[in-house]
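The values are calculated or read from the model by the stated rules, or taken from the named source; none is laboratory data. Computed from a prediction, not measured in an experiment: that's the story for all the values here. FYI the Cβ positions are ideal-geometry reconstructions off the backbone, even for glycines, and counts take in every protein chain you see. Surface areas here come from the heavy atoms of the whole protein model, side chains and all, with no ligands, DNA or RNA. Shrake-Rupley method; radii C 1.70, N 1.55, O 1.52, S 1.80 Å.
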There are 2 protein chains.
Amino acid sequence: MGLMTELEKGPTGRRRGRGARERILSASQQLFREQGINRTGMDQLCVAAQVSKRTAYQHFAGKDELVAEYLRRFDPSVLPGVFDRTDLTPRERLLAAFDIPPATPLCPYIGAAVELHDPQHPASQYARDYKKAVAARLADTAREAGAVDPEQLGEQLALLLDGAAARTRVLNADAFPTAAAIAAVLIDNAIPATAGD
Amino acid sequence: MGLMTELEKGPTGRRRGRGARERILSASQQLFREQGINRTGMDQLCVAAQVSKRTAYQHFAGKDELVAEYLRRFDPSVLPGVFDRTDLTPRERLLAAFDIPPATPLCPYIGAAVELHDPQHPASQYARDYKKAVAARLADTAREAGAVDPEQLGEQLALLLDGAAARTRVLNADAFPTAAAIAAVLIDNAIPATAGD
DNA sequence: CGTTATGTAAACAGGTCTGTGTTCTTAAGC
DNA sequence: GCTTAAGAACACAGACCTGTTTACATAACG
């Protein structure tokens, strides 16, 4: 009976259902990425999300909370499509982390941390948590691959990812192949020839 | 007779000499670093520089030009105290690039590129030039050290520097030791045992 | 002494930002 | 059909930002 999901909009352009929050977050992902956080005003964002400002501020206490939520929704499962690939060996999974689609302009976590410029900001804190989670996941996979010091290798590979992201942004040129080449050297050095696969 | 350098200020608090421009740039270095570029207004900056806004806008066409000049004045000789150290072997010089004072919070070039968010901005263009210059200097030193592929090694080490800077910023923890460890591995791999020193 | 830069001080213009209040409209559910 | 809650539309407040303008002061130099 109930079954009212996706009823979207009425004849006058009215939008109901629970779409407002999702539309706001979706517009945030696009605009924050394209223009940056500070250069995207709430007005513009609400227009893009087809939501009134009043509604936006009923869903989010303020822009700060929205930014934090934007980051949180960004990658809820930490590098999906990399660590989940059971068809790859652990070693291949470590390298797969550097095969990112070229459409990705910049790691949003670094962007947020730099733009907000306040380590205490909720979004900055989440960016920290996320980066630690990535390093931990890499370390787990490194352990699985038989690395001598998986924590160290995980931290090293995480640094390579961040370096590639930052350098890609500054130079406007894809730096991930370089990072992948370094990763290959580190992985070969850290994993005994007889281990893993 | 002339000899009027450093006459600084008159009895009424008036400041003359050619200090205004330098004071503005000096205040920029401090404030842009502490608060970021976008969060530092020209008003605040002029107060800190003890300069009227009128004067500031006579020296710089606008904030954009000031930001570009701020970056340009930052490190005119590209990593001073690293490439100049003739007391070190080329190999040691490559590693010395990772021994940065812990007081340095973040590479201002990355910060500017992210904050300004416009690759066409003069400051973004200079940041690109600077990063390329660093990589070239590293490549030169790598060649001097006898590396097999000095261009590649230079690019790799530059990526490590940027990775350490970005990661230090996001995590609020010094990532340069990790980068130095990776650098040591790369250098050892790229330089034949018999070359250099 | 008079002229001329150079600078201060402070108001102002026009814009954008976050966030709120106010009124009207309409869908959902009984 | 009636009630209720969610949202649209829109003006507005208050702050801050970049950049300009006006009026005044003083140091250097002839």
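Observations
- Residues satisfying the criterion are present in the stretch A:23-37 (criterion: within 16 Å of DNA strand D (Cβ to nearest atom), in contact (Cβ under 8 Å) with a residue 60 or more places away in the chain, on the phi > 0 side of the Ramachandran plot and open to solvent by less than 30 Å² (accessible area, probe 1.4 Å)).
- Tally of residues being in contact with a Lys or Arg (Cβ under 8 Å, 6 or more places away or on another chain) and either closer than 18 Å to A:H121 by Cβ or of a type outside the set (V, I, T) (or both) across the stretch A:61-91: 3
- Here is the figure for the stretch B:111-154: residues that are among the small types (G, A, S), within 13 Å of chain A (Cβ to nearest Cβ) and touching a Gly at 6+ places or on another chain (Cβ under 8 Å) total 4.
- For the stretch A:155-175, the candidate set comprises residues that are open to solvent by 20 Å² or more (accessible area, probe 1.4 Å) and free of Cβ contacts under 8 Å to residues at least 60 places away in the same chain; within that set, the residue that is farthest from the other protein chains (Cβ to nearest Cβ) is A:A173.
Okay, residues lined up against (1) open to solvent by 40 Å² or more (accessible area, probe 1.4 Å); (2) within 16 Å of DNA strand C (Cβ to nearest atom); (3) within 14 Å of another protein chain (Cβ to nearest Cβ); (4) closer than 24 Å to B:A113 by Cα:
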| position | (1), (2), (3), (4) |
| --- | --- |
| A:A48 | yes, yes, no, no |
| A:H59 | yes, yes, no, no |
| A:P76 | yes, no, no, no |
| A:R91 | yes, no, no, no |
| A:P105 | yes, no, yes, yes |
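- Residues of the stretch B:22-43 that are part of a helix (DSSP H, G or I) and within 14 Å of DNA strand C (Cβ to nearest atom): B:E22, B:R23, B:I24, B:L25, B:S26, B:A27, B:M42, B:D43.
- Candidates B:Q152, B:Q120, filtered to the one that is part of a loop (DSSP other than H, G, I, E, B), polar (S, T, N, Q) and more than 18 Å from the chain's Cα centre (by Cα): B:Q120
- Looking only at the stretch A:1-51, and only at residues there that are farther than 30 Å from A:R169 by Cα and of a type in the set (S, T, Y), the one that is modelled with the lowest pLDDT: A:T5
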